[in-house]
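Colleague: Got a structure for you, questions after.
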Amino acid sequence: MTQPISMARQIAQTAIAFEEQRLGRKPTSVTVVLGGDTLVITMHGVLSRAEMTLAATPAGSSKLQEFHQNLFQLSSDPLRQEIKRITGLEICEDAKNKVAAAVQVFSVGTVVQVFLLAGRLPADSWDGT
């Protein structure tokens, strides 16, 4: 009998597909961690060589961060909907109806996405046991 795919693995697979569709390239690896009501997706190897070169300077890094944050806010709805489908939990919004999610870009090619969930998951549902 096969064991069901864990929520973490489902979200990782979704994040990989999302990045490939959005940017035309897959991360080299993805880690998904849940801490209380905070979901963190860390993707390695996401940035292009040109982006990593741009990120090597403080001004370039700032521009790259701003670009990826804007891109994320404008295009992450399908990813958020899949996270909701997988977890059964909404992603929180603030008083201005902005989604409580953020992205951080690092010059080594790593991108971290953070989502605040509207609730907590039982541990056994997260790891597939």
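Colleague: Within the stretch 21-35, take every residue that is in contact with a helix residue (DSSP H, G or I) (Cβ under 7 Å, 6 or more places away or on another chain) and among the hydrophobic types (A, V, I, L, M, F, W, C) and give me the one that is nearest to Pro122 (Cα to Cα).
Modeller: Leu34
Colleague: Of all the residues that make up the stretch 110-128, how many are modelled with pLDDT under 85 and either surrounded by fewer than 16 Cβ atoms within 10 Å (Cβ to Cβ) or outside any helix (DSSP H, G or I) (or both)? Don't jump to the end; show me each part of the working.
Modeller: Restricting attention to the stretch 110-128, the residues satisfying the condition of being modelled with pLDDT under 85 are 121-128.
Still in the running and either surrounded by fewer than 16 Cβ atoms within 10 Å (Cβ to Cβ) or outside any helix (DSSP H, G or I) (or both): 121-125, 127-128.
Residues flagged as modelled with pLDDT under 85 and either surrounded by fewer than 16 Cβ atoms within 10 Å (Cβ to Cβ) or outside any helix (DSSP H, G or I) (or both) within the stretch 110-128 amount to 7.
Colleague: Please verify whether Gln69 is open to solvent by 70 Å² or more (accessible area, probe 1.4 Å) and either under 15 Å from the mean Cα position of the chain (by Cα) or modelled with pLDDT under 90 (or both), treating the condition exactly as stated.
Modeller: Working: open to solvent by 70 Å² or more (accessible area, probe 1.4 Å): no; either under 15 Å from the mean Cα position of the chain (by Cα) or modelled with pLDDT under 90 (or both): yes.
No, not satisfied.
Colleague: Give the stretch 1-20 a look and list any residue that's within 15 Å of His68 (Cα to Cα) and more than 11 Å from the chain's Cα centre (by Cα), or say none.
Modeller: Within the stretch 1-20, Glu20 is the sole residue that qualifies.
Colleague: So how many residues does the stretch 53-88 have that are hydrophobic (A, V, I, L, M, F, W, C), under 16 Å from Leu39 (Cα atoms) and without any contact (Cβ under 8 Å) to a residue 40 or more places away in the chain?
Modeller: The total comes to 0.
Colleague: Out of all the residues in the stretch 88-108, is one or more assigned to a helix (DSSP H, G or I) and either of a type in the set (Asp, Glu) or open to solvent by less than 30 Å² (accessible area, probe 1.4 Å) (or both)?
Modeller: Step one: list which residues in the stretch 88-108 are assigned to a helix (DSSP H, G or I), which gives none.
No, the stretch 88-108 contains no residue that is assigned to a helix (DSSP H, G or I) and either of a type in the set (Asp, Glu) or open to solvent by less than 30 Å² (accessible area, probe 1.4 Å) (or both).
Colleague: Identify all residues within the stretch 1-54 that are part of a helix (DSSP H, G or I), of a type outside the set (A, V, I, L, M) and open to solvent by 50 Å² or more (accessible area, probe 1.4 Å); write none if there are none.
Modeller: Arg9, Gln10, Gln13, Glu20, Gln21, Arg22, Arg49, Thr53 - these are the residues of the stretch 1-54 that are part of a helix (DSSP H, G or I), of a type outside the set (A, V, I, L, M) and open to solvent by 50 Å² or more (accessible area, probe 1.4 Å).
The values are calculated or read from the model by the stated rules, or taken from the named source; none is laboratory data. Predicted model, so just to flag it, every value in this text is computed and none were measured. Here Cβ is always computed from backbone atoms with ideal geometry, including for glycine, and neighbour counts include all displayed protein chains. Only protein heavy atoms, including side chains, enter the accessible area calculation; ligands, DNA and RNA are left aside. Shrake-Rupley method; radii C 1.70, N 1.55, O 1.52, S 1.80 Å.
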